[in-house]
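Novice: Structure provided below as structure tokens; questions to follow.
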Amino acid sequence: MTDSSTSAGYWVFGYGSLMWDPGFVHDTVQPARLIGYHRQFCLYSYRYRGTPERPGLVLGLDRGGSCRGVVYRVPDDAVAATKAYLWERELDDYAYLPKLLTVRHPGGTVRAQAFVVDRRQPQYARLEVDAIAAIIARGVGQRGSNRDYLDNTRGHLHELGIVDHGLERVAARVRALAGVPAPA
């Protein structure tokens with residue numbers, strides 16, 4: 001069921017860095033769930049969280065499952081600027097495909113802009129947890145360490161009351177590699 005009072009307009013789904021650093025004007029933010037895609041460290045990062053010599057990994061929406069995150073409603077007068085910003089931010093290396101997908105939030109169901117991984121791109125990576133953790137443990141790029149990216153995503157999910165078990169497994173392996181004890 002769609003709540004017409006909140007569904008009109010342009011919506012954007014955030015599942016990774018868009019949760020803590022959206023970078024665009026919005027007048028509503030709601031916890032949300034996307035069915036049909038899951039959050040996964042599946043894209044090599046050669047700039048933001050790694051380098052060409054030592055790549056990092058960033059999150060992508062990959063096929064299957066579901067993903068909990070947030071959905072933002074963009075005011076009508078900010079839609080054009082938001083789209084231009086998102087296309088520059090998310091599509092700079094063509095690893096993502098822009099899609100309008102159905103997202104559920106407490107007020108109803110909306111069609112939201114999402115960026116899903118393009119499995120045909122060379123940045124796409126299907127790795128096991130240990131390999132993901134090893135890359136994240138050492139990745140550093142223009143926007144900081146890969147570990148910070150993981151921790152920021154987990155922290156914002158926890159603020160929403162969301163535990164992503166896949167990210168928790170990766171974080172536990174990263175801590176083990178770094179010799180850091182698990183939190184009490």
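Rundown of residues vs (1) crowded, with 16+ Cβ neighbours inside 10 Å; (2) of a type in the set (Ser, Thr, Tyr); (3) under 28 Å from residue 8 (Cα atoms); (4) without any contact (Cβ under 8 Å) to a residue 24 or more places away in the chain, yes/no style:
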position: 87; (1), (2), (3), (4): no, no, yes, yes
position: 90; (1), (2), (3), (4): yes, no, yes, no
position: 94; (1), (2), (3), (4): no, yes, no, no
position: 100; (1), (2), (3), (4): no, no, yes, yes
position: 106; (1), (2), (3), (4): no, no, yes, no
position: 112; (1), (2), (3), (4): yes, no, yes, no
position: 115; (1), (2), (3), (4): yes, no, yes, no
position: 123; (1), (2), (3), (4): yes, no, no, no
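Novice: Of the residues in the range 20-52, how many are within 17 Å of residue 147 (Cβ to Cβ) and of a type in the set (A, V, I, L, M)?
Specialist: Selection size over the range 20-52: 1.
Novice: Residue 3 passes all but one of (1) of a type outside the set (Lys, Arg); (2) at pLDDT 95 or above; (3) touching a Gly at 6+ places or on another chain (Cβ under 6 Å); which number fails?
Specialist: The single condition residue 3 does not satisfy is (2).
Novice: Taking the criterion of being part of a helix (DSSP H, G or I) and on the phi < 0 side of the Ramachandran plot, would at least one residue in the range 51-62 satisfy it?
Specialist: Of the residues in the range 51-62, the ones part of a helix (DSSP H, G or I) are none.
The answer is no, given that none of the residues of the range 51-62 is part of a helix (DSSP H, G or I) and on the phi < 0 side of the Ramachandran plot.
Novice: Return the only residue of 73, 143 being at pLDDT 95 or above and basic (Lys, Arg). Reasoning before the result, please.
Specialist: On the way: 143 fails: at pLDDT 95 or above.
Answer to the selection: 73.
Novice: Quick one: in the range 125-143, which of the residues that are of a type in the set (D, E, K, R) and touching a residue at least 12 places away in the same chain (Cβ under 8 Å) is surrounded by the fewest Cβ atoms within 10 Å (Cβ to Cβ)?
Specialist: Narrowing the range 125-143 to residues of a type in the set (D, E, K, R): 126, 128, 130, 138, 143.
Next, only the ones that are touching a residue at least 12 places away in the same chain (Cβ under 8 Å) stay: 126, 130, 138, 143.
Values: 126: 9, 130: 13, 138: 17, 143: 16.
For the range 125-143, the residue satisfying everything is 126.
Novice: For residue 88, are the conditions met, namely being in a loop (DSSP other than H, G, I, E, B) and out of contact with any helix residue (DSSP H, G or I) (no Cβ under 9 Å at 6 or more places or on another chain)?
Specialist: Here the answer is no, as residue 88 does not meet what is asked.
The values are calculated or read from the model by the stated rules, or taken from the named source; none is laboratory data. This structure is a prediction, so every number in the text was calculated from the model and none was measured. Note: ideal-geometry Cβ built from the backbone for every residue, glycine included; neighbour counts use all protein chains shown.
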